[in-house]
Amino acid sequence: MDSQDWDDRYAGSALVWGAEPNRWVVRELTGHTPAHTPGHALDLATGEGRNAIWLATLGWEVTGLDYSAVALERAERLTADLPDEVADRLTWRHGDARTFDAPAAGYDLILVAYLQVPAQDRRAALRRAAAALAPGGTLLVIGHDLSNLTEGVGGPQDPAVLFTPQDVLADLADHGLRTVRAERVHRPVGPEPGHKGEGGGVAIDVLVRLERGAE
């Protein structure tokens, strides 16, 4: 799907993914280690901004980047309803996850959630994210696992845009990041809009968390 396809999808319905943050984002980034002390975060392929907004409520200064202008317009409308102290921590940018510009200091946290693109584009986006990670920073990658196509429910039905934890590690093998977690996780379907299946079920997701050493 190109940016126009996503513009059409976001324009054609209410919130595509709902307003609540993704469960794995909440589980992994609810502060319980010094590395998760709020700093500067980048939410790549932010969509309507649900995860970026949640991070801002925790005190993060968040940039949400997406190549759908319609999605970002929705994110801005949601921002208008937030308390000023939260809204002021949010910046929305129209751009490409494969080629975005990062500040010289980098980001303390980069989130890549459900960026389902062909392998070459995924690799480019992840390597760009790794290069933009500040010393001591965390890169969190979440997506629909390849096995979800045959063993899970919901998600894209094109194997070309699905991947595995091992694919993510291979994409970033020479980028000097420490692997904290690289696994498949099972997500009950139903609570999160956009992932509904008849009679409910379980979706299989990729969860990879990497960290850059402090310098």
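The values are calculated or read from the model by the stated rules, or taken from the named source; none is laboratory data. Remember, it's a predicted structure, so these values are computed and weren't measured experimentally. The area values use the complete protein model at the heavy-atom level, side chains included, leaving out ligands, DNA and RNA. Shrake-Rupley method; radii C 1.70, N 1.55, O 1.52, S 1.80 Å.
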Practice problem: Output the antiparallel fraction of DSSP beta bridges having both residues in the stretch 31-176, as a percent to the nearest 5. | Solution: 0 percent
Quiz item: Stretch Thr30-Gln166 to full length: gain in nm at 0.36 nm per residue minus the Cα-Cα span?
Solution: 46.5 nm
Quiz item: His175: accessible area at probe 1.4 Å, nearest 10 Å²?
Solution: 50 Å²
Exercise. Could you let me know the centre-to-centre spacing of the stretch 92-127 and the stretch 128-144, using Cα atoms, in angstrom?
Key: 8 Å
